[in-house]
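Chemist: Quick one: structure below, then a few questions.
The values are calculated or read from the model by the stated rules, or taken from the named source; none is laboratory data. From a predicted model like this one, the values you see are computed outputs, not experimental measurements. Cβ placement follows ideal geometry from the backbone for every residue including glycine, while neighbour counts extend to all protein chains displayed.
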Amino acid sequence: MGGPTATAADLLDAELFARARQALDGVPDLPSTVRVHVCDGVVTLTGSVGRPAARAAADGAIRQLPGVRRLINRIVVAPLRATDLEPPDITD
C-alpha cells in the first residue's frame, strides 16, 4: 500500500512549528542556534543564549501563540566569554 500519511495532529504541529520559528526569528538578539520541536501541541525550546532576558523573550514569544498546549523551555543561559566580545582580527 501507500506510505505513511500525515495525520491532522502532524499538520497542526507543522503549522505551529512554522509559527513558532517565525516568532523566534522576530526576537532581537536571539541566536539562530535556539531550536524548536513541536509534538502534539507541546513546544520545546533548546539551545543557549547569553542573557536571561533573551531566554524570557523567547518564552514570551511562544506562549502567546495560539495552539500551544504546553511550553518546555530548555534554553540555557550561558554567560558570554570575553573572546565572544572581541572583534575578529582582520589583516590584509
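Chemist: Please count how many residues of region 22-34 are under 16 Å from VAL68 (Cα atoms) and loosely packed, with under 14 Cβ neighbours inside 10 Å.
Modeler: The qualifying residues number 1.
Chemist: Looking only at strands (runs of 3 or more DSSP E) that lie completely in region 29-84, which have at least 2 residues being modelled with pLDDT of 95 or more and of a type in the set (D, E, K, R)?
Modeler: Passing ranges, in order: 70-77.
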